[in-house]
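> Please see the structure below; I have some questions.
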Amino acid sequence: MKIAYKVWLDDNGKAFGDGPYELLRRVEKTSSLHQAASQMGMAYSKAWRLIHTLEKRLGFPLLERRVGGEFGGGSQVTPQAKKLMNQYEKFRKDVKEALERIYQKYFSSPLTLPPVVGSFRLSPRGRGRRRSRALAKGTERVRGRKGPK
């Protein structure tokens, strides 16, 4: 067993987290929001909207954009965004270490679970749930009729 968690900065909505961090890190390497989005399997329009939303929430620009021209356009991460990325990276490292210490405090010995008696399947909705209940009772609907299996 291991610990799983997600961490982000929030300011009336997600202001910065792992996704935006990764997008900016890729923009830093490629000098292109389009290429960075493509590498992440994200549409350019979604990446652009995300950056625009985050810039509004954070109150400063994340990217300096250059429009086309002889050498093509591109994007550069702003100094403020680089500072945010560095702080977030350190913050994320500290959170990971703290959570691992806390996890070890409570779960350092193997967790013993009660033995499983029988087995069952949970189905979230619809006929599957009714079928699971019917199977538990020993009856099941077959093509609209009640009766034993």
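Rule-based calculations on the coordinates, nothing more; no lab input. No experiment lies behind these values; they were computed from the predicted model shown.
> Over the Cα atoms of the stretch 8-107, compute the convex hull volume and normalise it per residue, giving Å³.
Working: hull volume 11.5 nm³, N = 100.
Measuring per residue, one finds 115 Å³ for the Cα hull of the stretch 8-107.
> Report, by chain and number, residues whose modeled amide H sits under 5 Å from the one on Gly17, excluding near sequence neighbours (fewer than 5 apart, same chain).
When sequence neighbours closer than 5 places are left aside, the close amide H contacts are Leu9.
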